[in-house]
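Inspection log for the structure reproduced underneath, given as C-alpha cells.
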Amino acid sequence: EAAVVGLSRIAGEVVGVVANQPSERGGLIDSRSAEKMARFVSLCDRFNIPLLTLVDTPGFLPSRSEELSGLPRHGSKLLHAYAVSEVPKVAVILRRAYAGGYVSMCSRGIGADYVMGLPNAIVAVQPPRLAAEIIHRRELERADPSAREELLRRLSEDYERTFRGKEALIANGVVDEVVEPGALRERIVGVMGALVESYRKRLKNRSKFYFIPY
C-alpha cells in the first residue's frame with residue numbers, strides 16, 4: 001500500500017495518522033491509497049478524532065490503468081474529505097510534496113490548521129530536473145550536446161533553490177513553520193494540544209448529521 005493510516009496517542013489524545021509510504025512506488029498516490037486515506041479521514045471526522053498527516057509524495061500515479069480504475073474520482077474523494085472535515089488538522093512535510101499530491105495531503109489550501117516542514121523539504125509543481133527540462137527546453141536544445149547535461153544540472157539546482165529549504169518554504173507560503181527533526185515531536189504535541197482545546201470549545205455547535213459520500 002502506498003499509504004499508511006492508523007490511530008495513535010499524542011500527549012494522551014487519540015489522533016488519526018495519515019502518511020504516505022515512500023517504500024511503495026516512491027510514495028505515489030494510486031486509486032486504492034487515495035480511497036483508503038479518504039475513508040480514514042472521514043471516519044476520524046465523524047468521531048471527532050484530530051488528524052496528523054505526514055507528507056512525502058511525488059504526486060498521483062500517472063498511468064492509463066489508474067485513470068481507468070478511477071484515480072481522478074478517488075483523488076477527489078481525498079480532497080473532499082480533508083476540505084469538509086472539521087476536526088483539528090496538522091500536516092508535516094517530511095521530504096517531498098509535488099503537484100496534486102501536495103494539495104491533496106492536507107495542504108493549507110484545503111483546510112489544514114497548521115502545516116510544518118522539515119528544513120530540507122521541498123514543495124513544488126514537479127521534481128526539479130523534470131521541471132527544468134520543460135521550462136528550459138529550447139535553451140537546452142540550443143546548447144552544445146557536450147555541455148547539455150551540465151546546463152541541465154545547473155538549471156535544476158536553480159529551480160530547486162526556489163522551492164526547497166526553510167526560506168523557500170516560508171516565502172512561498174506553503175508552511176506555517178519550519179521545524180528541526182529533533183524538535184518535531186515537541187512541536188506536534190504543542191500545536192495539536194492547542195488546536196484540540198480550541199476545537200472542544202466549539203464542539204457543541206457542530207452539526208451531528210452530515211453526508212459522507214465514501
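The values are calculated or read from the model by the stated rules, or taken from the named source; none is laboratory data. Note that the coordinates shown come from a computational prediction; the quantities given were computed from them, not determined experimentally. FYI the Cβ positions are ideal-geometry reconstructions off the backbone, even for glycines, and counts take in every protein chain you see.
Could you grab me the full set of residues in segment 17-49 that are surrounded by fewer than 22 Cβ atoms within 10 Å (Cβ to Cβ), farther than 16 Å from Tyr98 by Cβ, touching a residue at least 60 places away in the same chain (Cβ under 8 Å) and not acidic (Asp, Glu)? Listed by number, the residues that qualify are Arg39, Ser42, Arg46, Asn48. From the list Leu184, Leu169, the lone residue that is under 23 Å from Thr53 (Cβ atoms) and crowded, with 18+ Cβ neighbours inside 10 Å is Leu169.
Okay, residues lined up against (1) out of contact with any strand residue (DSSP E or B) (no Cβ under 6 Å at 6 or more places or on another chain); (2) in contact (Cβ under 8 Å) with a residue 12 or more places away in the chain; (3) over 30 Å from Gly193 (Cβ atoms); (4) assigned by TED's automatic domain parsing to the domain that holds Ala183:
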| residue | (1), (2), (3), (4) |
| --- | --- |
| Ser76 | yes, no, yes, yes |
| Val90 | no, yes, no, yes |
| Ile93 | no, yes, no, yes |
| Gly100 | no, yes, yes, yes |
| Ala143 | yes, no, yes, no |
| Ser146 | yes, no, yes, no |
| Glu150 | yes, no, yes, no |
| Glu157 | yes, yes, yes, no |
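Ala132 meets all of the listed conditions (1) among the hydrophobic types (A, V, I, L, M, F, W, C); (2) buried (at least 19 other Cβ atoms within 10 Å of the Cβ); (3) within 10 Å of the chain's Cα centre (by Cα); (4) over 20 Å from Ala183 (Cβ atoms) but one, namely (3).
Quick one: would you say Ser156 is under 26 Å from Tyr82 (Cβ atoms), polar (S, T, N, Q) and in contact with a Pro (Cβ under 9 Å, 6 or more places away or on another chain)? If you could, list the steps in order and put the result at the bottom.
Details: under 26 Å from Tyr82 (Cβ atoms): no; polar (S, T, N, Q): yes; in contact with a Pro (Cβ under 9 Å, 6 or more places away or on another chain): yes.
Spelling it out, it is not the case that Ser156 is under 26 Å from Tyr82 (Cβ atoms), polar (S, T, N, Q) and in contact with a Pro (Cβ under 9 Å, 6 or more places away or on another chain).
Screening Asp56 with (1) at pLDDT below 95; (2) over 18 Å from His74 (Cβ atoms) gives one miss only, at (1).
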